[in-house]
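Everything below concerns the one structure shown next.
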Amino acid sequence: MENKSIPQSHSSLGFFQIIKESFKTTSRNGKVLVPIMLFVFVSFSMLDFAEKYLLAPVVKDIVLQLAIHPNMIQDLSNSIDQNMYAGALNDVREIVLVNLLIMASSSIITLTFLVAIVSSSYEAYTAKVISSKDLNSIIMKSWKRPLESSFYMGLLSLGIVFLYFISFCITAMLAVNSWALLFFGVIILTIPVCYIYMATLWMVSMVVSVLEEGYGGVKAIGRAAELMKGKRLQASLMMVLFSVAYCVVNQMAIPLTSYNLSMSTQLAIRIPFTNGLFCLVTLFMFVVYTIFYHERKTSHDKKEGKGFYLPIAAGEV
């Protein structure tokens, strides 16, 4: 039920308050989130196992071909002896095809994961219960908008990469002096800042695409940038937190492959371990940015005199 009264304590949560509310919302919404989490975990694990076992013999064959023909790459680049390397070319095509299929499948799973988590978490945070039937309906209706937003964010990211490439080229053509080195250093330092901001904008625009009808693509990106005004640092710090978490998960997986174990044993240990942690971190990231979106939208609606949903208090559960 929509609450027309304007609360005094839920309009501008701080960084740690959003994290705290996200934990509460995740716990409160556990019955919905656990089945989604298990489905995504199993799906990603199956894709990883399939990729490793499908490509293992192909990669082994390419390594063997390189050992027999050390000049193979040079010959192929010069269009020499194409027939001799037909087997290697087929292996490369198979690797590309399998990876494209894996990427497409992963994108579909991630998109479904995003829509399901954001929708159910928003409803839980605003004191509403969503059924499995309703959630399926929301996923079917909403998946196109975040896909469109992701496409345009990808184009925007490629444009920024191109600008950095041009900047590096211009710097390389300048005479080597202190000013050129300073300019080059400034460009290098802006890369992680730009990356974090773009990742944050991408995440918020995806949440907007899921929760606001009529907002997709460029419109959702603009809406996300508008909602982030005044809270860009807070939103970016949350992305830094999750980036560090992903790095920690990767580093924790390294010791699992350092022992003298067979490939099947390593995969049986490493894939469930890493996928489980990655799914948990991703789930929590979606919840955090859903709460962030709600708080920013509440703040905007308050300024414009609109009504909004009031989140349930901690003691009401």
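Since every read-out is calculated from the coordinates, none of them should be taken as a lab result. Since the model is a prediction, treat every value here as computed from it, not as a measurement. Note: ideal-geometry Cβ built from the backbone for every residue, glycine included; neighbour counts use all protein chains shown.
A few comments on the model shown:
- At R0 = 41 Å, FRET efficiency that the Cβ-Cβ distance of M140 and I269 yields, to 0.05: 0.65
- The stretch between V98 and Y164, if pulled fully straight at 0.36 nm per residue, gains 20.6 nm over its current Cα-Cα span.
- Taking other C-beta atoms within 10 Å as the exposure proxy, S178, S119 rank S178, S119 from fewest upward.
- For the peptides 104-110, 291-297, the ranking by mean Cβ contacts within 10 Å, running from highest to lowest, is 291-297, 104-110.
- The calculated FRET efficiency for the pair S132 and S157, based on their C-beta separation and a Förster distance of 25 Å, comes to about 0.10.
- In plain terms, the chain from K31 to W179 could stretch by 47.4 nm, reckoned as 0.36 nm per residue minus the Cα-Cα distance.
- 15 Å beta-carbon shell around K141, net charge (K/R +1, D/E -1): -2
- Label point distance in nm, Y195-T112, each placed 7 Å from Cα along Cα→Cβ: 3.1
- Listed from fewest to most Cβ neighbours within 10 Å, the set M238, M206 follows the order M238, M206.
- Under the combined filter of DSSP loop state and at most 14 neighbouring Cβ atoms within 10 Å, segment 172-236 retains these trypsin sites (Lys or Arg not before Pro): K229.
- The modelled label-to-label distance between K229 and I188, using points 7 Å beyond Cα along the C-beta direction, is 3.6 nm.
- 27 Å Cα-Cα reach of K229 towards lysines, excluding residues that sit fewer than 8 places from it in its own chain: K4, K20, K24, K144, K219, K297, K302, K303, K306
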